[in-house]
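Data block below; observations after.
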Amino acid sequence: VTSAVAFDVLPLKLHPFSQSTPTGLDCVGWKQRVAFPVIADGALDKSALTDDVGSEEDLYEDFRSSNHRYGHPGGGGEQLAINELISDGSVVYAEALWDHVTMDDQELGFKAGDVIEVMDATNKEWWWGRILDSEGWFPASFVRLRVNQDEPMEDYPLKVEGGKEDDSSSGTRRFGMGQTSKDQMRTNVINEIISTERDYIKHLKDICEGYIKQCRKRADMFTEDQLKTIFGNIEDIYRCQKKFVKALEKKFNKDHPHLSEVGSCFLEYQTEFQIYSEYCNNHPNACMELSRLTKVNKYVYFFEACRLLQKMIDISLDGFLLTPVQKICKYPLQLAELLKYTNPQHRDFKDVEAALNAMKNVARLINERKRRLENIDKIAQWQSSIEDWEGEDVLVRSSELIYSGELTKISHPQAKSQQRMFFLFDHQLVCCKKDLLRRDILYYKSRINMDDMEILDVEDGKDKDFNTSVKNAFKLHCRNTEEVHLFCAKKPEQKQRWLKAFEGERRQVQLDQETGFSITEVQKKQAMLNASKQQHTGKPKAVTRPYYDFLMRQKHPTLPTTLPQQQVFMLAEPKRKPSNFWQNISRLTPFRK
């Protein structure tokens, strides 16, 4: 298996069906890489350094042979501690962060939230574990060690409703100083939240000072646009997290951690956490740019030297840049566990409960924005398949296909009826005509500005405005020009779907205004450019972009609400073998024809 972060080839096994990315930064091996010389003030003097130590490769070997081992407190000690516990006969449990679906009978498959007994953690990236009667290898980066290892296994999977455990007796055990076992468990979770925040702040600082600062001093290697692509708005995230951790520290009761009231901090910063949306949306671009740069040795050397100079642990830059994505995934998980061990009478209970819902909503918002950005490529590809397109691109005003289907349009004069295909986007309704011979080819005919329209339900019978009998009809009435458009569906249920879709379009527009969602001009132009490139494959449009792909299987999959860590987009999940899932323009709308 090739790690998505360390790029190490495992001595243990080779298997093409899964890849892993780090959830922690504490147990990763040294890479066989070469460091590019960087001196402390950031100026790079390659000739001066090579005069003293020889080649760039020699410099890196000096670093390696000096036995430096940089990392956050504990370094690789956590992995060693796990194996010591296992050797002593202790049972060590881990909780799955993501689904691990595997086709290898030697691997252990599980779903997010499952509890796994860790039986062997000697390998850095693949551990051996057991769930019920099944045993096998699983990627260590897919799990987090359970905070409360002393909690009975049979109690752990119990579902919690409103913060109340199913087994109320579990809170009666005492742990000295009058603390119940539940208080001790809450102490463990609070300590984990505080310690991981401190580690995260140091991690962000290392990226900003160890990489970005050095890169800005090398204008011969990096442009500002490149740095913006690689690092996104991580400096804004750093500033936000510094304020957040200070707020947490103020609420942290060092003498009695279980009495800490941290829920209000998450509620206070829930809006600020939305800046993660920009970072997560940009992350695929960062990975592509880094992949391109690291094909050139001087960039590999330079990034490695930055890491060594900052005394950062042995993970490549793309691994470090993944952690903000993972961090926003982890908040709902931590808060869910905190709520489980917070008594309803605790002063922090209501705030933690509200904070959990707030962070789930932040995750949903980020996930939705990412989905919308992915959709613009598909919309651009759809437009490129339409013949005789006129006027501005769909993406100038729209970024979401709400609904689509066939309607009869009745026009003045003489109530002329025409069968047309209609595509309802946010802000506009696009009308197309099918080719007479090849029904999978569409021709652009017109569009309607939905911002000026009101929807009118029309009863079956004779319509006075058009002087014709109609069935399953509705009208679009322009408030500014008094222009009226009459449409008829084939069946009553189709009419109701259209009326519901028009309501959804207005809700989407309003939500976008409230949340400030928008597509940048650069993103729009890039999407259209990508679509135009695909058009030059030499294949007929009907083969490469059949419009019915755009209609069928439109529903975007809804991620389960019971697993908050899964509500956050695929970026935080370990990368898997490429599939055709996102390439199919089919899954765009929340309505199925």
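The values are calculated or read from the model by the stated rules, or taken from the named source; none is laboratory data. As the structure is a prediction and not an experimental result, all values here were calculated from the model. Methodologically, a virtual Cβ is constructed for each residue, glycine included, from the backbone with ideal geometry; neighbour enumeration extends over all protein chains shown. Surface accessibility is based on the protein's heavy atoms, side chains included, excluding ligands, DNA and RNA. Shrake-Rupley method; radii C 1.70, N 1.55, O 1.52, S 1.80 Å.
Worth pointing out:
- Being out of contact with any helix residue (DSSP H, G or I) (no Cβ under 8 Å at 6 or more places or on another chain) and surrounded by 14 or more Cβ atoms within 10 Å (Cβ to Cβ) is a description that applies to residue 434.
- Residue list for the range 328-343, filter: in contact with an Asp or Glu (Cβ under 9 Å, 6 or more places away or on another chain) and of a type outside the set (A, V, I, L, M, F, W, C): 334, 337, 340, 341, 342, 343
- Residue selected from the range 301-339 under the condition among the polar types (S, T, N, Q) and more than 16 Å from residue 202 (Cα to Cα), by the criterion nearest to the chain's Cα centre (by Cα): 334
- Subset of the range 123-132 [modelled with pLDDT of 85 or more and either at positive phi or outside any strand (DSSP E or B) (or both)]: 132
- Contacts under 6 angstrom Cβ, first residue in the range 261-286 being within 29 Å of residue 250 (Cα to Cα), partner among the aromatic types (Phe, Trp, Tyr) and modelled with pLDDT of 90 or more, 6 or more apart: 269/244
- Residues that are under 16 Å from residue 389 (Cα atoms), among the small types (Gly, Ala, Ser) and assigned to a loop (DSSP other than H, G, I, E, B), drawn from the range 412-467: none
- Within the range 373-427, the only residue that satisfies the criterion of being farther than 23 Å from residue 505 by Cα and surrounded by 21 or more Cβ atoms within 10 Å (Cβ to Cβ) is 385.
- Within the option set 226, 241, 184, being open to solvent by 10 Å² or more (accessible area, probe 1.4 Å) and farther than 25 Å from residue 346 by Cα holds for one residue only, 226.
- Within the range 257-285, considering residues that are of a type in the set (Gly, Ala, Ser) and at pLDDT 90 or above, the one most open to solvent (accessible area, probe 1.4 Å): 264
- Residues that are under 14 Å from residue 446 (Cβ atoms) and not in a strand (DSSP E or B), drawn from the range 390-411: 390, 391, 392, 394
- Yes/no for residue 244 being touching a residue at least 60 places away in the same chain (Cβ under 8 Å), among the hydrophobic types (A, V, I, L, M, F, W, C) and in the same structural domain as residue 355 (by the TED database): no
- Some residue of the range 313-330 being assigned to a loop (DSSP other than H, G, I, E, B), crowded, with 20+ Cβ neighbours inside 10 Å and of a type in the set (Asp, Glu): yes
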